[in-house]
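Novice: Pasting a structure here, questions to come.
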Amino acid sequence: MGPTVRKFYEEMQRGFEAIKAVEAEIAALVKQRADVKRFLDIDAEQAELARLQGEKAGILSDATAERDRMLGQARTESDGILTKARETAEQVAAGIVARANADSDTVRGEA
């Protein structure tokens, strides 16, 4: 081998080694990019989870308020129904007692 060929061969070897070094560096950067992307995706998922948890809390709060309002309304209506039922029962009882007294007066009057 002549000096020119040897020099060319050595240059080619250095070029191949440089290419291998660049390929290794690219592989390391690709791995690093994948790791960073994974962490960014985790951050995005955590942000989405926090947003959804806030939304859930708002919905639960609204549902609780609506439930309490409906229970209050039902209690008011049931109290009204109970009051009316008591009044009706008292009126019926008074009517029964009045008829019983009237019947006993009629029986006494006949006797």
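The values are calculated or read from the model by the stated rules, or taken from the named source; none is laboratory data. Treat the numbers as computed from the prediction; the structure is a model and nothing was measured. Cβ coordinates were reconstructed from backbone atoms using ideal geometry, including for glycine residues, and neighbour counts include every protein chain displayed.
Novice: Quick one: which of Val36, Val97, Val92, Val5 is exposed (fewer than 10 other Cβ atoms within 10 Å of the Cβ) and among the hydrophobic types (A, V, I, L, M, F, W, C)?
Specialist: Within the list Val36, Val97, Val92, Val5, the selection yields Val5.
Novice: Sticking with this one: Can we say Gln32 is at pLDDT 95 or above and either among the small types (Gly, Ala, Ser) or in a helix (DSSP H, G or I) (or both)?
Specialist: no
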